Amino acid sequence: MSMNMINFVSDCYTNELKITLDENIKRQTWQEVKNLSAEINRHCGYINLLCRKYFIQWLNLVCGINITERNDIVDYLSIWEFINGNAIDVKNSRLVLIPTETQDKVSISIPQEWLKIPEWVGSYCVIVGVNLEENYLDFWGYINYDNLQKNGEIDNLNHTVNLPYEYLENDLNSMALEYEYGWENIPQVSPLKCLSPQMQQNLITELENSLFPRLSIDFSDWLSLISIADARYQLYSRRQSVNLGDLLKNKTENILRKRWQSLQDFIKDNFETDFNLKMSPAFRSISPQEALNILVKNDNYGQILEILNTIPNWQIAEDLQREFIEILVHLMNNDNDGEILWSSAFALESLQANHPLCPKGYGKLIDFNEEKKNYGLLINILPRNYGQVSIFVRVSVLSNEDSLPEGLSLKILDENEDLFQAIISEKGDNVIQYKFWADEGETFKIQVSFNDDYVEDTFKV
């Protein structure tokens, strides 16, 4: 971003600085924060990164500072996933930017993390008004740490400090002048309590699905946890959506961090040896050649499905395997019926596991402490035309001897957390499942719940 792209406008009545936003910078910024876990988090990251980019440019221009940004913004994203605000270090000082979209200049809410975490606390807080509707940033002013502590009102419910607008120094040019004589050093604050590695892991597990993690546990524990970079990155990673496009390209780091396994490993580690996951009905006595002839004719839907579901249990000669594979590929590419698509995909997988049209599958253990039994959450994905992905989700028992508890639910939620589909287990069910497809760019959530317990993961196409 070059300097001539920034349009400065000074308000002659308030001395506040306004900067018009550039559309290209806005688009680029949105792309940089799109991996945050939810819309509200992405918006928080978006306005914080916009403010950061423009304020650094202003500092470099007006104060003659040469601040250069790292290319990797994961450190910032791991903060914006949870907290509004970001810090800029300048020599021995630190400026904390707090964006606000409130147009009513009465009070500003500042998260207490910026005043209590030794590695985060700033010499000054700079308040930035963000008006996306009228497309500008409005730098309201700044306040040093001591005056913020003295004049701010603590909100122990939301863990913020609320500062009346009147205590801000509105003219940022005076901040630039003060820089010539040296800004105040970073304040020294009390150290936080230590958390053992086990305590960190327990808190990460507790918070990975929480809507409001900083309000869900004792705040002193939260401050200690979020101040540890490795723990914060881990919690951030656990909350990120799984990108199905990455999985189709065999990029599995994120889904494995979220305690999923490849379906092959999951079945080997968790299912009983003789458990038949596909639960295929026994097919009548028929030779593979006869079955192949039926598939070629393609004129009996019921027989086709029955054959496809039974192929994984057959021993087929190598010459017939090639013919079966050719038919299966044809069915997958030309039949839009979900049952035939997935039955063909699993049959193909049983004949040639490394075929490029085979589904990608992953499994995750579900522990609801229900009679000390565990269940498996399984997901298979297949790429389709026009950026679509077909998805097959199952919740299964791990043993032939067991059944799912009555009333266990498998829910698909859309990106707005609205219910798209729910499947509820009935008495005697050993598996519940749902097949659907999603378009490129869509986000959805899979949630499995029983009584008051639930597990969920977010996926992006």
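The values are calculated or read from the model by the stated rules, or taken from the named source; none is laboratory data. Keep in mind that this is a model prediction, so the values were computed, not measured. So basically every Cβ, Gly included, is an ideal-geometry build from the backbone, and we count neighbours across all protein chains shown. Calculation scope for accessible area: heavy atoms of the full protein, side chains included, ligands and nucleic acids excluded. Shrake-Rupley method; radii C 1.70, N 1.55, O 1.52, S 1.80 Å.
The table that follows gives values for the structure above.
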quantity	calculated
Per-pair calculated FRET efficiency, R0 = 35 Å: residue 454 and residue 147 via Cβ, rounded to 0.05	0.20
Length gained when the stretch residue 65-residue 173 is fully extended (0.36 nm per residue, less Cα-Cα span)	37.5 nm
Mean separation of Cα contacts under 8 Å (6+ apart) over length of the stretch 188-250, as relative contact order %	38 percent
Length-normalised contact order for the chain - Cα pairs under 8 Å, 6+ apart - percent	10 percent
Solvent-accessible area, 1.4 Å probe, carbon plus sulfur percent, for the chain	45 percent
FRET efficiency, 1/(1 + (r/R0)^6) with R0 51 Å, evaluated for residue 334 and residue 406 via beta carbons	0.80
Ranked by how many other beta carbons lie within 10 Å on average, peptides 386-399, 199-212 from highest	386-399, 199-212
Dipole in debye (nearest 20) - the chain, about Cα centre, beta carbon charges: Lys, Arg +1; Asp, Glu -1	800 debye
Residue (of 106, 240, 262) at the positive-pole extreme of the chain, dipole from beta-carbon charges	262
Distance between modelled label sites at residue 262 and residue 313, nm, 7 Å Cα→Cβ extension	2.7 nm
Over 36 Å [Cα-Cα, the chain], rounded percent	43 percent
Efficiency of FRET from Cβ geometry, residue 211 and residue 34, R₀ 22 Å, rounded to 0.05	0.65
Residues of the chain: accessible area per residue with a 1.4 Å probe, Å²	50 Å²
Listed residue (291, 20, 416) projecting farthest to the positive dipole end of the chain, Cβ model	291
Range of Cα positions in the stretch 299-421 per principal axis (Å), largest first	49, 38, 29
Gap separating the Cα centres of the stretch 341-406 and the stretch 217-247, nearest whole Å	27 Å
Rough spin-label spacing in nm, given labels placed 7 Å along Cα→Cβ, for residue 24 and residue 189	3.9 nm
